[in-house]
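S.K.: Sharing a structure with you now.
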Amino acid sequence: MFTLCCMGGLLAVHLMGLREEKLLESKAGASDSARRQINQLRNDIYAAKGWQIGSWNGTAFSSIVNGNNMQGNALMIYPLVMLSNQVVNSANYILYYFDTNQVANFDGHLCYLSSTNATSQILVSNLINPLFFTCEQYDGTMKTVSSYKSVIHATFQYSQFQFPLTKVGSNCIFNSYRIDLRATPHLPDGP
């Protein structure tokens, strides 16, 4: 009888350990995946020769006009300049935008679109609000005029189900993760 109780106890401890491992693996995997994708955005911002914050409606980008808060759901990055006059090559761009169609279902997306390949790719999914890019001063104050040494800020707050069959709501297992990205393009000079 004692042996049976010991074996039952060992089995219960083993099953609890497996559940805890699955929980920790889920958290580590979500954080690592998000960091890798957000690093791509950060590196593109660092390498930018020009950029604009604006809005993307699925077919067209419109930039925020000076005098308004520099906040929008899209970031257009220009990685190249024309050698003749050191002006950005507006035909070559990278567009990052937040697709908010499924935010109510905890599934907003950060998408990537390049002028060389007109196919949109989802970089990060399971995003929840807020979903926008802002142009800030070094101290975090939102700017109303775009300038070359501004800080580009985006908050990525996303959710992941711990287990595939777990429902979201009160008394359910649910985790959210938040990563703030602040990056300044390494532009040599500006306006």
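The values are calculated or read from the model by the stated rules, or taken from the named source; none is laboratory data. Since this is a predicted model, take the numbers as computed values, not measurements. Please note: Cβ atoms are built from the backbone with ideal geometry, for glycine as well, and neighbour counts cover all protein chains shown.
S.K.: What are the pairs with Cβ atoms under 9 angstrom where one residue, in the stretch 144-167, is under 16 Å from residue 41 (Cβ atoms) and among the hydroxyl-bearing types (Ser, Thr, Tyr) and the other, located anywhere, is at pLDDT below 75 and not in a strand (DSSP E or B)? Sequence gap at least six, or different chains.
M.R.: 158/30; 158/34; 158/106
S.K.: Here's something else I'd like to know. Working only within the stretch 40-55, note down all residues that are more than 17 Å from residue 156 (Cβ to Cβ) and assigned to a strand (DSSP E or B). Spell out how you get there, then give the answer.
M.R.: Let us first name the residues in the stretch 40-55 that are more than 17 Å from residue 156 (Cβ to Cβ), namely 46-52, 54-55.
The answer is 50, 51, 52, 54, 55.
S.K.: If a residue has to be in a strand (DSSP E or B) and crowded, with 16+ Cβ neighbours inside 10 Å to count, how many in the stretch 56-77 make the cut? Lay out the reasoning, then the answer.
M.R.: Residues of the stretch 56-77 that are in a strand (DSSP E or B), as a first pass: 56, 61-63, 71-72, 74-77.
If we keep only those that are crowded, with 16+ Cβ neighbours inside 10 Å too, we end up with 56, 61, 71-72, 74-77.
Residues flagged as in a strand (DSSP E or B) and crowded, with 16+ Cβ neighbours inside 10 Å within the stretch 56-77 amount to 8.
S.K.: Taking residue 112 as the residue in question, decide whether it is under 16 Å from residue 181 (Cβ atoms), in contact with a Cys (Cβ under 6 Å, 6 or more places away or on another chain) and not charged (D, E, K, R).
M.R.: Working: under 16 Å from residue 181 (Cβ atoms): yes; in contact with a Cys (Cβ under 6 Å, 6 or more places away or on another chain): no; not charged (D, E, K, R): yes.
Considered against the rule, which asks whether it is under 16 Å from residue 181 (Cβ atoms), in contact with a Cys (Cβ under 6 Å, 6 or more places away or on another chain) and not charged (D, E, K, R), residue 112 comes out as no.
S.K.: Kindly list, by first and then second residue, each pair from a residue in the stretch 1-12 that is part of a helix (DSSP H, G or I) to a residue that is of a type in the set (Lys, Arg) and surrounded by 10 or more Cβ atoms within 10 Å (Cβ to Cβ), limited to pairs with Cβ atoms under 9 Å and residues at least 6 apart or on different chains.
M.R.: From residues that are part of a helix (DSSP H, G or I), there are no pairs.
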